[in-house]
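The structure appears below as C-alpha cells.
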Amino acid sequence: MAGRQREALLTPVTGRVDSAPIPVRAEQVTAILVDGDFYRRRAARLFGHKEPSERADELLEYSRRHIKQSKSRLYRIFYYDCPPSEKVVFHPLTRQVVNLAKTADHDWMVALHSELVKRRKVALRRGEPLETQAGYQLRPEKLKELLSGQLSTADLTEKDFSLDLTQKGVDMRLGLDIATLAANGHVNQIIMIAGDSDFVPAAKHARRAGIDFVLDPMWARVSDSLHEHIDGLWQCVSPEPRNLKDPLHVDNLRSRDASAVGGDIGAEEF
C-alpha cells in the first residue's frame, strides 16, 4: 500500500516510459483539535466575554485563520469538552450551597454546545465531569496576596473564587481520535489548540505516524516537555494588549455590522 501511495505522488517529466519521475507535493489536509475548557478561558481573555453563538462563530473564524496560514484543506474541527456540572456545591465565602444546574454558567455552556453541533465541520466530543472533585477554590493570585498579607479575608469577594471541576474521558477521546486519524491517513497535519502537557503522548503518536503536529497555546505558557514533542508553534491572535485590536475582539465585533463577520463557514471556505 505504501508503495502505491508513493507512486501516486510521482509524475513523469515527459511522456517517455523511461523518464525520471519527480515528486509532487501531496495536498495538505488538516484536522483542528480543540481543548474546549482551555479555549474558553483563553478566548474570554483575548477576545472578551461573548454570547454562546458568538463564541461558536469565533471558533470557526479562528480555525479559518489556521487553515489559511497552513494553506491546507480542513478535514474537521474536533471540540473536546464536558457537559456542565449539575452538582450542588458549598461556597466557602458566602457559606451557602449553590445548585450548579441553575446557574448562568450552566445555561451558557449548554447553549454553546448546542451552537457548536449545528456548525459545519465541527464534531463535539463530550467527556464527563468528575463530580467527586467539584468545588469552589480561591484563585491562585488571591491566595498569594492573602498569604503575603496584601489581602485580608474581609476583602475577599465571590469573584475571587473559581469553580474547580475535574474532567474525565476528554484525554482518552482525544487520543483515540488522533490514533484513528493516523491509522486511516485522513490527514497529514493536526493543529492542536491547547496548553496542557497531558497531550504529549498523543502528540508523540501523531508524529510517529508522519503527521505534522502544530500547537496553538494562544499565548499561554507552554511546558518544555510539550515543546519537545511538537513540530511548530502557531498562534493566530496577537498577544496582550494588541489583542484588543483584533477583529474578533468583542468590542470590535459589535461595532461592525453583524452580517460582515461570523456565521457558518461554507464548504468553499475550507
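Laboratory data are not the source of any read-out in this text; all were calculated from the coordinates shown. Given the structure is predicted, the values throughout are model-derived calculations rather than measurements. All Cβ positions, even for glycine, are placed from backbone atoms using ideal geometry, and neighbour counts span all protein chains on display.
Numerical summary
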item: Values of log10 I(q)/I(0), in the order q = 0.11, 0.14, 0.20 Å⁻¹, for region 109-175 under a Debye, Cα-only, solvent-free model; result: -0.47, -0.66, -0.89
item: Under the Karplus curve 6.51 cos²θ - 1.76 cosθ + 1.60, θ = phi - 60°, whole-Hz ³J(HN,Hα) for region 167-181, x wherever Gly or Pro sits; result: 8, 9, x, 5, 4, 5, 5, 5, x, 5, 5, 5, 4, 5, 4
item: Cut-off 13 Å (backbone N to label point 7 Å along Cα→Cβ of VAL110), residues of region 39-62; result: none
item: Point-charge dipole on Cβ atoms (K/R +1, D/E -1) for region 149-253, about Cα centre, debye to 20; result: 380
item: Computed FRET value (nearest 0.05) for LYS118 with LYS245, which takes r as the C-beta separation and R₀ as 35 Å; result: 0.70
item: Label-point separation, THR94 to LYS68 (7 Å along Cα→Cβ), nm; result: 4.3
item: Residues whose placed amide H lies under 5 Å from that of VAL98, excluding near-sequence neighbours; result: VAL89, PHE90, HIS91
item: Cross-link table LYS118/LYS142; LYS71/LYS204; LYS121/LYS159; LYS102/LYS168, entries beyond 30 Å C-alpha to C-alpha; result: LYS118/LYS142; LYS121/LYS159
